[in-house]
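This report concerns only the one structure given below.
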Amino acid sequence: MNVLNLDDFSTEEINHILDLAEEFKNGKKVDYQGKKIVSNLFFEPSTRTHYSFDMAALKLGCKTQNFDAGNSSLKKGESLYDTVKTFEMFGTNAVVIRHVENEYYKQLVEKINIPILNAGDGTGNHPSQSLLDLLTIRQEFGKFEGLKVVIVGDIAHSRVAHTNFKIMQRLGMTVYTSGPLEYKEEGYNYVDFDEIIDQVDVVMLLRVQHERHTEAMKETVEEYHARYGLNSERVAKMKEHAIIMHPAPFNRNVEIADDVVECEKSRIFKQVQNGVFIRMALLHMVLGENV
């Protein structure tokens, strides 16, 4: 079983993953006793996703390997397939992969005979991030149906936005997007941030991804923060029960003011914590839930 794209999972399966993650949060114990090995193959930099998968595996009693792309045979021209196949032949039981190429996994799924967990593909999909976002929202509101969300920022380059937009709509949420027009994406329900902020239950901010841009951002940092950043004045306009989310890493005082990161409405670090529980659920699901 692979975890590649949330389109592959039914609503019932999504809720099962969230339920299992909640069980881990509440103290569920699983111990593979070092009999399973999880290899983290990150071809792009990562802190939260990489090391929460690593922590999740360790909490399940698995052994882990953490691939160092910068000191690997990639420097000698080794292909993605050959790298992953090598880890399969080493005897690893599952691979967690992040790669710059959209849908990189299509070249692997019929050739690799161990579970693949997609930790992010280019600007396309980020299933485990969306699942931890859903868990955080469900913990807060107890439901999805009828909630309103605005995702603000660099929509065009964001795998988080692309994955969340689809799955949140499927679960009955109304999803808007906002941000600079040059990063707007057609079909993604674009609105003015200041006109929608007092109507939504969730404000989800996105990092400005300078590394994916082919040209310089039109706004300066100060202009971006003034037009699209979440500051205390905009927080004051939010609904009483509304929450703030961000997949992180965040640029303080760009998309979010420093004093807002850990304000009362912020659930940003709760998302980080939930990432471990979601990834425990995913690993347990692909390694064998009957253990």
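The values are calculated or read from the model by the stated rules, or taken from the named source; none is laboratory data. What you see is a predicted model, and the numbers here were worked out from it, not measured in a lab. Cβ atoms come from the backbone with ideal geometry, glycine included; neighbour counts cover every protein chain shown.
Residue-wise test of (1) of a type in the set (Gly, Ala, Ser); (2) crowded, with 22+ Cβ neighbours inside 10 Å; (3) in a helix (DSSP H, G or I).
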residue	(1), (2), (3)
Thr123	no, no, no
Arg138	no, no, yes
Ile155	no, yes, no
Gly172	yes, no, no
Thr177	no, yes, no
Glu186	no, no, no
Return the residues of segment 142-154 that are in contact (Cβ under 8 Å) with a residue 12 or more places away in the chain and more than 12 Å from Met173 (Cα to Cα); say none if nothing qualifies.
Ile151, Val152, Gly153, Asp154
Which of the residues spanning segment 79-107 are among the small types (Gly, Ala, Ser) and surrounded by fewer than 16 Cβ atoms within 10 Å (Cβ to Cβ)?
Ser79, Gly91
Per the filter on segment 60-78, residues surrounded by fewer than 19 Cβ atoms within 10 Å (Cβ to Cβ), closer than 19 Å to Gln273 by Cα and within 23 Å of the chain's Cα centre (by Cα) are none
With the structure loaded, tell me whether Ile167 is under 22 Å from Ile14 (Cβ atoms), in contact with a Ser or Thr (Cβ under 6 Å, 6 or more places away or on another chain) and assigned by TED's automatic domain parsing to the domain that holds Lys239 or whether it fails that test.
yes
